[in-house]
Amino acid sequence: LAWVDSTGAASTWGGSTLFVRAREIEGGGGGSARRSFVQFDLSRLPSNINIASATLHLFQNAEADNTSAANSIDVYRVESSWDAGTITWNNQPGAVSSRISSHAHPTGSTFVWNDFSLSTAEFAAMISSNYGLRLNFNNEDIGSTNMERMEWAGSAAAPFFERLPRLTVYYTEA
């Protein structure tokens, strides 16, 4: 897992948290955005399967929203390889144009699970070329001096291993 930041466009960010943020910098300095990338090992899935459902589970550590506008966190299938040690805003891979999932920006609570039901067709396509998923706000340009932020646990130490990002896949063999 890794995240990228438009204000540190050439910097590498990784670590223990998945971030999604949209912020207008105070004083008219323009906006900034953060996107997260996560990839799961799908090699244990049989090759000839029909996907019944796939769900991304992320444990929400923090959130902020001082806007009055509704926003959502969108999930996209990544189109090419990336490396957590070298990915930056400037070299982030592209994503397919259609969302694989969307979730309303959950506000007012922390330390809860956010579940993203993934498109079965897009997930099936991801199995053969698994470059992972990108998370970002649907609207990354929120204007004024507003900020929206989501943080999810990307790693965990004992006794909090259950807070790690999870992917649940139900399938039948063809």
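The values are calculated or read from the model by the stated rules, or taken from the named source; none is laboratory data. Worth saying up front: this structure is predicted, and the values here are computed from it rather than measured. Heads up, the Cβs are rebuilt from the backbone with ideal geometry, glycines too, and the neighbour counts pull from every protein chain shown. Ligands, DNA and RNA are excluded from the accessible area calculation, which covers all protein heavy atoms including side chains. Shrake-Rupley method; radii C 1.70, N 1.55, O 1.52, S 1.80 Å.
Using C-alpha pairs below 8 Å separated by at least 6 residues, the relative contact order for the stretch 44-118 is 48 percent. Each of Met147, Met126 has its accessible area taken with a 1.4 Å probe; listed largest first, they run Met147, Met126. Computed log10 I(q)/I(0) for the stretch 41-105 at 0.26, 0.27 Å⁻¹: -1.27, -1.26, from the Debye equation with unit scatterers placed on every C-alpha and solvent omitted. The relative contact order of the stretch 74-152, computed from alpha carbon pairs under 8 Å that lie at least 6 residues apart in sequence, is 41 percent. Adding -39500 (n - 2.57) for every DSSP H run of four residues or longer, then dividing by how many residues the chain holds, sets the calculated 222 nm ellipticity at -1500 deg cm²/dmol. Principal semi-axes of the equivalent ellipsoid, √(5λ) from the alpha carbon gyration tensor of the chain, are 28, 18, 16 Å from largest down. Taking the 1.4 Å solvent-accessible surface of the chain as the whole, the part contributed by carbon and sulfur is 45%. Starting from a Cα-only point model with no solvent, please compute log10 I(q)/I(0) by Debye for the stretch 73-125 at q = 0.23 1/Å. Listed by q, the Debye log ratios stand at -0.96.
Label positions at His57 and Ser117, each projected 7 Å from the Cα along the C-beta direction, are separated by 1.7 nm.
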